[in-house]
1. List, please: which pairs have Cβ atoms under 7 Å, are six or more places apart or on different chains, and start with a residue in segment 52-63 that is over 14 Å from L97 (Cβ atoms) and end with one that is part of a helix (DSSP H, G or I)?
2. For segment 127-155, which residues satisfy the criterion of being in a helix (DSSP H, G or I) and in contact with a strand residue (DSSP E or B) (Cβ under 8 Å, 6 or more places away or on another chain)?
3. For residues that are at pLDDT 85 or above, of a type in the set (A, V, I, L, M) and not in a helix (DSSP H, G or I), tally how many sit in segment 81-97.
4. Could you tell me whether segment 131-154 includes any residue that is exposed (fewer than 12 other Cβ atoms within 10 Å of the Cβ) and under 25 Å from S49 (Cβ atoms)?
5. Would you confirm whether or not segment 72-80 contains a residue that is more than 19 Å from the chain's Cα centre (by Cα) and at pLDDT 80 or above?
6. From the list L116, L100, which residue is in a helix (DSSP H, G or I) and surrounded by fewer than 12 Cβ atoms within 10 Å (Cβ to Cβ)?
7. When you look at I123, is it among the aliphatic types (A, V, I, L, M), within 29 Å of L44 (Cβ to Cβ) and surrounded by 14 or more Cβ atoms within 10 Å (Cβ to Cβ), yes or no?
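The values are calculated or read from the model by the stated rules, or taken from the named source; none is laboratory data. What you see is a predicted model; the values in this text were computed from it and never measured. Virtual Cβ from ideal backbone geometry, glycine too; neighbours counted across all protein chains shown.
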Amino acid sequence: MYFLGHTVKLLSMADVTDNVPLMSLLTYTILATVMVAAGDILSLIRFLSFTRWFIFGLCFLSLIILKVKALRSGQDDSNVFTVPMALPIVMVIISFLLTLVPILTEPMWSYLYAGLFMFGGLIFYFPFVYFKLKVSCFERVTIFFQLLFRVGMPNKNV
């Protein structure tokens, strides 16, 4: 995903000898350990289910938008998206219901925090991805962790 500009360069690096995505595995392990240590496992499952269905709904909604754009531009629909339009519409409704029902039936502060955390990502998206802002200290940190963990950019063939 780094090649597309969607993630930090360091998380896309692999071990130089074993070709294992070491940095991303370490990051996910640390985050999972912190999340489990901070609370009980049931609240973690509820939180992740909430965010997962919200993201699924956005993915299905983007499929609908792309399919409508393809139809409006006059593209040949036979090889663009082969999914019938009814399926993504039904899945958008189901996923947003699965997102909203827990909020309405059992409101908790964690749902508000999750929503703020997801929309707070836009604060970082626009300057660093959309406007391609580069911070010089990130390069030094990347080089330090490359040398510490013996990781480097994998070949595009891998």
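1. Cβ pairs passing all conditions: L63/P88.
2. Once the filter is applied, which keeps residues that are in a helix (DSSP H, G or I) and in contact with a strand residue (DSSP E or B) (Cβ under 8 Å, 6 or more places away or on another chain), segment 127-155 yields F145, Q146, F149.
3. Step one: list which residues in segment 81-97 are at pLDDT 85 or above, which gives 84-97.
Cutting the leftovers down to of a type in the set (A, V, I, L, M) gives us 85-87, 89-94, 97.
After this cut, where a residue has to be not in a helix (DSSP H, G or I) as well, the list is 85.
The qualifying residues number 1.
4. So far as segment 131-154 goes, no, none of its residues is exposed (fewer than 12 other Cβ atoms within 10 Å of the Cβ) and under 25 Å from S49 (Cβ atoms).
5. Just the residues of segment 72-80 that are more than 19 Å from the chain's Cα centre (by Cα), to begin with: 72-80.
If we keep only those that are at pLDDT 80 or above as well, we get 72-73.
Among the residues of segment 72-80, at least one is more than 19 Å from the chain's Cα centre (by Cα) and at pLDDT 80 or above, which makes the answer yes.
6. Values: L100 fails: surrounded by fewer than 12 Cβ atoms within 10 Å (Cβ to Cβ).
Among L116, L100, only L116 is in a helix (DSSP H, G or I) and surrounded by fewer than 12 Cβ atoms within 10 Å (Cβ to Cβ).
7. Values: among the aliphatic types (A, V, I, L, M): yes; within 29 Å of L44 (Cβ to Cβ): yes; surrounded by 14 or more Cβ atoms within 10 Å (Cβ to Cβ): no.
In short, no.
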